[in-house]
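Okay, so here's the structure we're looking at.
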Amino acid sequence: MSKSKKVAKKKPAPKKAAPKKVAKKSPAKKSPAKKTAVKKAVKKAAPKKKARKPNAAFMAPLATTAVLADVVGTKPLPRTEIIRSIWVYIKKNKLQDSTNKRMINADAKLKPLFGGKSQVSMFELAGIVNKNVKKS
């Protein structure tokens with residue numbers, strides 16, 4: 001007698017069930033009591049805004065050099081006031097370039113302040129001020 005080889009037959013994989021469609025529920029209306037409770041919770045969570053305090057370093061009065069004093073005055077001023085008064089001088093004398101507003105044209109008072117340049121960028125102005133002030 002000959003032995004026959006038994007070949008195991010693979011069973012086909014079972015088919016996966018299609019995902020069930022879930023009917024969308026209409027959102028339940030909240031009762032008025034729940035709405036006010038939610039609003040109160042939101043109001044409590046918001047932090048109160050505090051008034052900003054100015055940085056003391058910006059408010060410290062600075063002494064100006066003689067060249068800068070011709071434009072802003074001799075009295076010690078904070079850096080913010082020095083920049084503001086320079087801009088007042090520029091606007092008053094119409095020294096801002098008409099075609100390129102970023103450039104400032106120098107007049108007789110500003111030319112020594114700008115280091116002899118006839119025109120500087122408004123972004124260079126902070127550096128120029130920094131070179132012409134000292135702590136008082």
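Numerical summary
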quantity: Sum of side-chain charges, residue 104 neighbourhood, beta-carbon under 9 Å (Lys, Arg +1; Asp, Glu -1); calculated: -1
quantity: Summed residue charge, Cβ within 12 Å of residue 120's Cβ, Lys/Arg positive, Asp/Glu negative; calculated: +1
quantity: Net charge over other residues, Cβ less than 13 angstrom from the Cβ of residue 85 (K, R count +1; D, E count -1); calculated: +4
quantity: Karplus-derived HN-Hα couplings along segment 109-114 (A = 6.51, B = -1.76, C = 1.60, θ = phi - 60°), whole Hz, x at Gly and Pro; calculated: 7, 7, 4, x, 5, 7
quantity: Partner aspartates and glutamates for residue 134 [C-alpha distance under 17 Å; skip if fewer than 8 residues away on the same chain]; calculated: 70, 81
quantity: Point-charge dipole on Cβ atoms (K/R +1, D/E -1) for segment 42-118, about Cα centre, debye to 20; calculated: 840
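Values quoted throughout were computed directly from the atomic coordinates according to the rules given, and no laboratory measurement underlies them. None of the values given here were measured: they were computed from a predicted structure. Because the Cβ atoms are built from the backbone with ideal geometry, glycine has one as well, and the counts that use them run over all protein chains shown.
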